[in-house]
Each structure stands twice: as C-alpha cells, then as structure tokens.
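What follows is one structure encoded as structure tokens, with my remarks underneath.
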Amino acid sequence: MSIQNKYLLSVLDGLKVRNAHEPEFLQAVTEVLESLEPVIDADPRYEKMNIIGRLVEPERVVMFRVPWTDDAGNVQVNRGYRVQFNSAIGPYKGGLRLHPTVNLSVIKFLGFEQIFKNSLTTLPMGGGKGGSDFDPKGKSDAEIMRFCQSFMTELFRHIGPDTDVPAGDIGVGGREIGFLFGQYKRLRNEWSGVLTGKGLTYGGSLARTQATGYGLCYFANAYLKANGQSFEGKKVVVSGSGNVAIYANQKATQLGGKVIAMSDSNGYIVDENGIDYKVIQVIKEQKRDRIKTYLNYVPTAKYVEGCSGIWSIPCDIALPCATQNEINGESAKMLIANGCIGVFEGANMPSTPEAITAYQEAGIFFGPAKAANAGGVATSGLEMSQNSERLSWSFEEVDNKLKGIMEGIYAACADAAEKYGMAGNIQAGANIAGFLKVADAMLAQGVC
Ligand code: NDP
C-alpha cells in the first residue's frame, strides 16, 4: 500500500530526513500511516492541528550512561534509554528491553507502537519504552543487580506512578524488575506502583507473567472464531522461548492446538508430539539454559542450529514471539506455501513489510502485534489499578478481565476496518482504532 495523501507524505518525508539512521522506527511509522489515510481524508481537523506531525515526535527522549562493575572488578559502561512518546491518554507505559541490539531506533519503534497498543486496551495509558544495550546473557545475579541499580539511579528521576510506569520486555523478567524496584524505592524513599511485572509478594498481579502469551491466544481465538475456525487440532509453531512464547504455548495447547516447534536465538526444536511448556519453563526460567537442552528431556525431538529455519516447518498457525523482523518475505511465503492459515504476532513487529504483503496477497489471517500482544500491557494496567486500590485480585478475576479485553480489541479492530471500507483488514483496523482515541484526546488538549 502506498500513501497518496499529501499531508501524510509530507510528515513521512520530513521524518525520513530527520531520522535517516532509524530504520526500525521509520518502518513502524510507515506501517501505521499507510492505514490512516482514510481517517485523515475523512476529518480535516487532524491535518489542521498537525496531529500526525506531533504524534511521530516523542514528547521526551532520555539517553544516559550506565556504569557498573563486573565480578572481575572491571568497570563496564552501557547506554540507557527511555523514550516518553505520548501521554495524551495516560502516564507513559511500556517495557524496558535489555539486549545488545538495543539502540534509539529500536526503542523509538517500540515506543511508537506502544501508543496505539495501549489505546486499544481501553485503559488510560500513554506510550513509552526504554532499555539498554546491556547483554544479560552469561551475567551473574550480582552483575545483573549492579547493572539494574545503576540504570535506575538515573531513570528514577524521570518516572513515577502518575508519570511513567515501565515494565519488562526482552531480557527483563521478574528478577530484573525486583532489582529495579528495590533501587527506586531506596532512592525515592517511597513504595509505589512505579513498575509493573512485580513479584507477588510486593504488589505484583496474578496472571501478569502469563498475560502476553495468554492474551495472544485469546485474541487469535476470537479472530479464528469470527471466521469459523479454532485452535482445535491445529499445528502451531511458536518462535522464541521466553516469557511470551512459553505462555502462548500453554494457552494454545489448552485451546486444542499442538505446539510442534519453538526456538531461541541459536536454533529451534521440533517435537511432533507437542512441546510441553513446563519443560521450556524449566530450561528457560529456572536454568536460564539454551533450547537445545530440550533433547536431554525429550530425546526423540529434533534440534536445528539457526533460528530462522523455524518458518520452514509446515504448520497451520504461526505465533512469532521472539523479536522484530524475524519473518521476512521469503519465510512468509514458505509458511503460506505449507498451508499456514494465520499469523498472530506475540513479538513486536516480527513481520517485515514484505512478509505482511505476502499475508495480504494470500488472504491469510493476520493479527498485528499492537492488537495481538496487548494483553501484557493490559494486565500491567490492571496491576496499576490493584496497586492504587491496595488490593489483589484473584488469578481468575485478572484472567477473565484479560480475556474480555482481548476479545474487545478484536471486535474494535474488526469494526474500525469495516467502518473505513477495509472489512477484514485487522491490521488497518488496529491502527485506526488505536489512533482515534489518542488523536481525539490530543485535539481536546490543544497544542501541546
Ligand atoms: P524474553 O527475553 O523472555 O524472550 C525472548 C525470546 O526471543 C528468547 O527466546 C530469545 O532467545 C529470543 N530472541 C530475542 N532476541 C532475538 C533475536 N535477535 N533473534 C532471535 N531470537 C531472539 O522476551 P519476551 O518473551 O518478553 O519478549 C518477546 C517479544 O514479545 C519481544 O518482541 C517483546 O517486545 C514482545 N512483547 C513482550 C511483552 C511482555 O509482556 N514480556 C509484551 C508485549 C510484547 P535468546 O534467549 O537466545 O536470546
């Protein structure tokens, strides 16, 4: 799809000049603006008040030095980021990513996506994202703690329960959130719900750990059901083996699917009998080990070195849950040729533009990340509510709310797509539905 609207083109051209070295960010913005054309054409106020020009510029970007000492006594330095993208509908909200590939472009693309995702949840949360190029792999617990304490020693002055509430993402799970929370509390001398994904003993929400993976499957299930399909008897391939992937496996299996392959950044495993998520939990959550050790538990399974080959495995449903741009045009075509009926994104922006074009041309179901993986941040929103109320809800209560939110997101995307003449295009529907609430809040708040 190419943009015709002159206003949108001028914003995009300006953005490309100012951010020429940020390919992931430009990719994410282009994908959204392509869908917004009928909305901008239909309501001149968005152009008159330059809503798009303001939306693509973060409200604030913080970049900082993170010095820490490793176990050998050497002083190491990493770069930290927090991009506070948009606060029109609530405090900035979005995860922290610790991975060597983190740079400003990656954090900006994630922060931009987060604006629309958070809007889709219907909860009052603005968009933000942060992280560092620190690599947690192979680090001791003490090193992770020293890094997190140093990171928070700068970040604490920019965040707060009514300002900006970070959470986890790649490389940031319960252990890291604990260290970050402890340091924030110490520096501010206050206990507050400033982070989500906290442990259950100090303000965390039941079902937050499972939420993104479960939510992905609730969304996919609603989408499949609306089209006379279900997970029942379907072969499912899940990339990644982290937080999102593990609980996507569990829920897809509960819904009647069989997960036959999973991966990490080194390679993938294939087990035609179905991969038990509990084995992956032991390998990844307890032992922090590599996926190839699955063969120690299930010797009949197969391990293949290199992660991208996972998309050559014939399956009915693909759930990419690892990282951005993990499915390119070629992989998408392979999935389609092998009979895949739907791709539902657990990771953020896992499909390249060429992959998305291939899905659209083949007419398969496509659940875009900002809708399909919104369950994590939605449940973080529920954690914020519980912290404010000083109450803890039961697992069932949170899980039921999550399911309702994900079904609501599917319906909102389908309705928006239909209203703007693109019935069935859930990708466009997600962008439009997410945009409208934020844009209308920005209009109401004047030029700011
Ligand atoms: P984890 O760190 O728990 O797991 C990430 C998984 O993806 C690991 O298996 C990792 O393998 C693999 N992976 C990471 N980077 C790469 C890479 N460059 N190439 C291949 N594989 C890679 O992260 P999460 O499960 O939390 O996040 C996964 C995705 O889901 C991300 O895109 C994240 O932004 C998105 N997401 C997460 C949410 C959450 O609540 N956690 C919410 C919404 C979206 P290895 O161990 O080898 O690095």
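The values are calculated or read from the model by the stated rules, or taken from the named source; none is laboratory data. No experiment lies behind these values; they were computed from the predicted model shown. Positions of Cβ are backbone-derived with ideal geometry, glycine not excepted, and every protein chain shown enters the neighbour counts. Surface accessibility is based on the protein's heavy atoms, side chains included, excluding ligands, DNA and RNA. Shrake-Rupley method; radii C 1.70, N 1.55, O 1.52, S 1.80 Å.
At a 1.4 Å probe, what is the % contribution of carbon and sulfur to the accessible area of the stretch 211-372?
49 percent
Which value, in debye to the nearest 20, gives the size of the charge dipole of the stretch 70-217 about its Cα centre, when Lys and Arg are +1 and Asp and Glu are -1 at the Cβ?
Numbers: 17 positive and 13 negative charges, 48 e Å.
In debye, rounded to 20, the stretch 70-217 gives about 240.
Using only protein heavy atoms and a 1.4 Å probe, report how much of Tyr303 is accessible, in Å² to the nearest 10.
Only protein atoms counted, so the area is about 50 Å².
Considering the options Tyr410, Tyr297, Gln4, tell which one lies farthest towards the positive end of the dipole of the chain, charges being +1 on Lys and Arg and -1 on Asp and Glu at the Cβ, about the Cα centre.
Tyr297
Take Arg157, Arg175 and sort them by solvent-accessible surface of the protein heavy atoms, 1.4 Å probe, largest at the top. Please report the intermediate quantities before stating the final value.
Details: Arg157 135, Arg175 50 Å².
So, going from the largest accessible area down, we get Arg157, Arg175.
What number, in percent, do you get for the relative contact order of the stretch 211-372 if the mean sequence gap of Cα pairs under 8 Å and at least 6 apart is divided by its residue count?
22 percent
Between the stretch 254-300 and the stretch 66-84, what is the C-alpha centre distance in whole Å?
Using only Cα atoms to place each centre, the spacing works out to 32 Å.
Among Asn103, Cys321, Tyr202, which residue has its Cα positioned farthest towards the positive end of the charge dipole of the chain, with +1 placed on the Cβ of Lys and Arg, -1 on the Cβ of Asp and Glu, and the dipole taken about the Cα centre?
Tyr202
Pop out the Kirkwood hydrodynamic radius of the stretch 63-121 from its pairwise C-alpha distances, inverse of mean 1/r, in Å to one decimal.
By the Kirkwood definition, the hydrodynamic radius is 13.2 Å.
If you place +1 on the Cβ of every Lys and Arg, -1 on the Cβ of every Asp and Glu, and leave all else neutral, what size is the dipole of the chain about its Cα centre, to the nearest 20 Debye?
Dipole of the chain, to the nearest 20 debye: 840 debye.
Take the alpha carbon gyration tensor of the stretch 92-147, find the square roots of its eigenvalues, order them as a ≥ b ≥ c, and report rounded if a/c is under 1.5; if not, report prolate when a/b exceeds b/c, else oblate. Before the final figure, lay out the partial values.
Working: a/c = 3.74, a/b = 2.09, b/c = 1.79.
It is prolate, given that a/c is not under 1.5 and a/b is the larger ratio.
Got a sec to turn the phi values of the stretch 82-98 into Karplus ³J(HN,Hα) couplings, 6.51 cos²θ - 1.76 cosθ + 1.60 with θ = phi - 60°, whole Hz, x for Gly and Pro?
Once θ is set to phi - 60°, the couplings for the stretch 82-98 become 9, 10, 9, 7, 7, 10, 4, 10, x, x, 3, 8, x, x, 10, 10, 10 Hz.
If you build a Gaussian network model of the chain, linking Cα atoms that sit under 10 Å apart, which residue out of Gly14, Gly240, Gly111 swings the most?
Gly14
From the protein chains alone at 1.4 Å, what is the descending order of accessible area for Lys403, Lys117, largest first?
Putting Lys403, Lys117 in descending order of accessible area: Lys403, Lys117.
In the full protein assembly as shown, how much of Phe181 is accessible to a 1.4 Å probe, in Å² to the nearest 10?
Counting only protein heavy atoms, the figure is 10 Å².
Looking only at Arg188, Arg208, Arg54, which one moves most when the chain is put into a Gaussian network model with springs between Cα atoms under 10 Å?
With Cα springs under 10 Å in the chain, the top fluctuation among Arg188, Arg208, Arg54 is at Arg188.
Quick check: from the Cα gyration tensor, does the chain come out rounded (a/c under 1.5), prolate or oblate?
In terms of gyration-tensor shape, rounded.
Expressed in nm to one decimal, what extension gain is obtained for the pair Asn227 and Asp70 from 0.36 nm per residue of sequence separation less their Cα-Cα distance?
That works out to 51.2 nm of additional length.
Starting from the Cα-Cα distance between Ala362 and Thr101, subtract it from 0.36 nm times their residue separation and give me the gain in nm to one decimal.
Difference between extended and current length: 90.8 nm.
At a threshold of 8 angstrom on Cα-Cα distance, excluding pairs fewer than six apart, so keeping six or more, what relative contact order does the chain reach in percent?
Worked out over the chain, it gives 15 percent.
Cα centroid distance between the stretch 135-172 and the stretch 412-448, in Å?
Cα centroid of the stretch 135-172 versus Cα centroid of the stretch 412-448: 33 Å apart.
For the stretch 60-190, give me the percentage of DSSP beta bridges that are antiparallel, rounded to the nearest 5 percent.
Within the stretch 60-190, antiparallel bridges account for around 65 percent of the total.
What FRET efficiency comes out for Asp162 versus Ala20 if R0 is 51 angstrom and r is the Cβ-Cβ distance? Round to the nearest 0.05.
Calculated transfer efficiency: 0.90.
How large is ³J(HN,Hα), in whole Hz, for each residue of the stretch 368-381 in order, when computed from phi with the Karplus curve 6.51 cos²θ - 1.76 cosθ + 1.60 and θ = phi - 60°, using x for Gly and Pro?
Karplus-based 3J(HN,Hα) across the stretch 368-381 equals x, 3, 4, 9, 5, 9, 6, x, x, 6, 4, 6, 4, x Hz.
Taking the Cα centre as origin and putting +1 on Lys and Arg beta-carbons and -1 on Asp and Glu beta-carbons, what dipole magnitude results for the stretch 211-372, to the nearest 20 debye? If you can, show how the numbers build up before the last one.
Working: 14 positive and 14 negative charges, 78 e Å.
The calculation lands at about 380 debye.
Please work out how much accessible surface Asp13 shows to a 1.4 Å probe, ignoring ligands, DNA and RNA, in Å² rounded to 10.
Surface accessible to solvent at Asp13 totals approximately 90 Å².
At a Cα cut-off below 19 Å, give the lysines reachable from Lys419, other chains included and same-chain residues fewer than 8 away excluded.
Lys437
In square angstrom, what is the accessible area per residue of the stretch 60-190 with a 1.4 angstrom probe?
On the way: 4620 Å² over 131 residues.
Value for the stretch 60-190: 35 Å² per residue.
What number, rounded to the nearest 500 deg cm²/dmol, is the helix-based mean residue ellipticity at 222 nm of the chain, given -39500 (n - 2.57) per DSSP H run of at least four residues and division by all its residues?
Dividing the helical sum by the residues of the chain leaves -14500 deg cm²/dmol.
What residue among Ala226, Ala261, Ala252 has the largest mean-square fluctuation in a Gaussian network model of the chain, using Cα springs under 10 Å?
Of Ala226, Ala261, Ala252, the Gaussian network model singles out Ala226 as fluctuating most.
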